[in-house]
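Comments concern the structure below.
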Amino acid sequence: MASLGRWLDTTRKRHARVWRRVFFVLLAILLAANIAVRPHHSEYGYDAYPGFWAVFGLVVAVGMVVVMKKLVYPLINGPEDPPDDD
Amino acid sequence: MTTDFLHPAAWFIASALVIPLLKGRTWWRWLLPLPAVGAFAGVVLAKAGTYGVASYLGQTLVLGRVDRLSLVFAHVFAIQAFIGILYSLHVEEKAHHVASMLYVAGSFGCTFAGDYLTLFVFWELMAVASTFLVWLRRNPVSTRAGFRYFLFHTLGGLFLLAGLLLRYRALGTFEFVPVSQAEANLYDYLVLIGFCVNAAVVPLHAWLPDAYPEATVPGAVFMCAFTTKTAVYVLARAFAGFDLLAVAGTVMAVYGVLYAAIENDARRILSYHIVSQVGYMVAGIGMGTEMTVNGAVSHAYAHILYKGLLFMGAGCLLHAAGTARLSSLGGLVGRLPWVMIFYMVGAVSISGMPFFNGFISKNMTIHGAVEAHRLVLAVFLEVAAVGTFLSVGIKLPYFAFWSKPESTIELARIPPNMYAAMAVAAGLCLAQGVYPRLLYALLPYPVHFEPYTGWTLLQAFMLLGFTGLGFYVMRTVIEPHPGRNLDFDRLYRLAGNGFVSMVCKPVSWLDDLWTEVYRSAGLRGLLRLAAGTRWFDKKGIDTVVDGSAYTVAGIGRASARVQTGNLQDYLAWAAVVGLAVCGLVWWWWG
């Protein structure tokens, strides 16, 4: 257990750049594959275009964070242990 | 009961009765998994049919309606009961084991109930037993959260009770059977509201993210599996095809992920994701086609396993570090590598990553929605899928295990049984993902869905991969901060406090009035009495009456002092004083 933990910790601290590159390369491969692999019959219409689900995932994720954290969060956030009103 | 079916609840109720009688500190804990093993064997061997028909007060109760729908839920309940018990094996407190056994028994009782009376009894058993799983955390925050949880479930139970009684008056039967939306009456909707409270349907959901993060570490593992999924079962049993549920479920799916995106407490993030995941099930039931109901049931099955695993992982964080707040954690992977690995199995399962069980169940629901031409709902379910991976799959593990300087919190040792339970759950999540037949063979309808094609694999990896890119872009924005977000529970509390003052205001007004009456009539009476005795005293019977005159005047002064401002004191004193005044009046004029 200790050696696994050590290896993961080293990876976390030192190899971030390598993992980031691997991640970007994988994303590029997925996009490239989407040019060849398409749905037999598109379910939503737009998903017939290559890269649709990539754009969908990215836009929804970024949009969700921006809307919730920047707009909604300041409005509804309060202390961690709200005083009981009883 | 016949030999073909031994009710699984019997194992757990018997255990709950026996546990308090056992002596010694440790040995009996090794026997705790026994009821779960027995229940699982019973479920596997059970043949479809109706068992345990009893007559009580002129009503026919059906304790054991065994069919494919009840069996698939009982199957996973038995497995999760085993995992939960294994996870809590180190707990020495017998009350905790009794509470979890009764809670699981309640869930089995509901699953096999063929009539609303039986259902109601086991439904309430679940509510009471699970409340103890919150209270046994034994701190002021969980005590308050437990009371709120219990009150809200009592309210839900009352809706169910009102519905089933009105239904009985109209139909003359308690039979628990499907209702079609076209013929639904007010009483059906009351029952539906009762079910929706337990299914955490927005806006009746806020008890869940309020109470679950305050439960005991193993208690939350039980709770995340049984309450909402029992509600999913009863919805699937009675209300399949209610269009309202299709929309409500989709709202839940999105609502939960939006809140999870801004939460800080790991177990509260996971709680919001219960709301979201149960949303898929409720939506599937609401659409009501064979594929969507199959999707809902399989998602319930998969969800119980991976959500239990996630709560076990977050529970390990809480157990070891003493907190599950992400803002206080960080970089723990070096010290808790296996917790992270098991947690990640749950995380990729819930996110619908291929080769894990969430993928084969979630996609069935979404695909079913598309086939039912509910495209808008399907798109929102995909939005929820993105949000799920964002919060549970990346944000939570990233800020707990990976990012930031390593947390310097001293970690308590995690007992091996907790690791073992996580290993079992992780193994099942993976096995079902790789061999979908393990799950599909149990579903109520024949399955016409192939989860693994080149396109579905690519679609899933693209969706998850680019959600990851979205997180990477936004990683500094999404960083969790201490704080609690406003949700409907604040509204419940306002309504609750409003109700309390609605009851208390008239009572305290009456009390004020009574005090006034007492002051003007009773006290004056006392003073007059004192004056009378003084006059009597003056007449020369000093030695006899002096003492009593002082006593009566003393009572007058003491009663002026008891106006403490506490409602209970007022009520108690009002009763005492009322009695005393009556006594005096009787003595005076009698």
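Stokes-Einstein diffusion for the stretch A:5-86 at 25 °C, viscosity 0.890 mPa s, with a Kirkwood radius from C-alpha pairs, works out to 144 µm²/s. The Rg/Rh ratio of the stretch B:273-383, with both radii computed over alpha carbons and Rh defined as the Kirkwood radius, is 1.08.
Above 14 Å lies some portion of the pair distances; for the stretch B:268-309, what is it as a whole percent of all C-alpha pairs? Within the stretch B:268-309, distances greater than 14 Å cover 44 percent of Cα pairs.
Per residue of B:252-258, other chain Cβ atoms within 10 Å of the residue Cβ number 1 on average.
Sites count as exposed loop sites when they are GluC sites (Glu not before Pro), lie in a DSSP loop, and have at most 14 other Cβ atoms within 10 angstrom; the longest stretch of chain B without one is B:94-409.
Counting every C-alpha pair in the protein assembly as shown, the share spaced more than 32 angstrom apart comes to 55%. The mean count of C-beta atoms from other chains within 10 Å of the C-beta of residues in A:22-35, rounded to a whole number, is 3. Averaged over the residues of peptide B:331-342, the number of Cβ atoms from other protein chains lying within 10 Å of each residue's Cβ is 4.
Measuring gaps between exposed loop sites in chain B (trypsin sites (Lys or Arg not before Pro); DSSP loop; at most 12 other Cβ atoms within 10 Å), the longest gap, sites not included, is B:139-412.
Using the heavy atoms of the protein chains and a 1.4 angstrom probe, tell me the accessible area per residue for the stretch B:39-182 in square angstrom. Roughly 39 Å² per residue, with all protein chains present. When chains B and A come together, the accessible area they lose, probed at 1.4 Å and totalled over both chains, is close to 5000 Å². For chain B, a Kirkwood radius taken over Cα pairs fed into Stokes-Einstein (20 °C, viscosity 1.002 mPa s) yields D = 82 µm²/s.
Here the accessible area is traced with a 1.4 Å probe on the protein chains. For the protein assembly as shown, carbon and sulfur cover 69 percent of it.
Taken as Cα centroids, the stretch B:323-354 and the stretch B:254-272 sit 15 Å apart, rounded to the nearest whole angstrom. For chain B, the longest principal axis of the alpha carbon atoms and the long axis of helix B:140-171 meet at an angle near 80°. For residue A:9, the accessible surface of its heavy atoms amounts to roughly 20 Å² (probe 1.4 Å, protein chains only, rounded to the nearest 10).
Using the Cβ-Cβ distance between residue B:445 and residue A:29 with R0 set to 56 Å, the FRET efficiency works out to roughly 0.90.
The values are calculated or read from the model by the stated rules, or taken from the named source; none is laboratory data. Everything quoted here is computed from the prediction, not taken from an experiment. All Cβ positions, even for glycine, are placed from backbone atoms using ideal geometry, and neighbour counts span all protein chains on display. When the accessible area is computed, the model is the full protein with side chains, heavy atoms only, and any ligands, DNA or RNA have been set aside. Shrake-Rupley method; radii C 1.70, N 1.55, O 1.52, S 1.80 Å.
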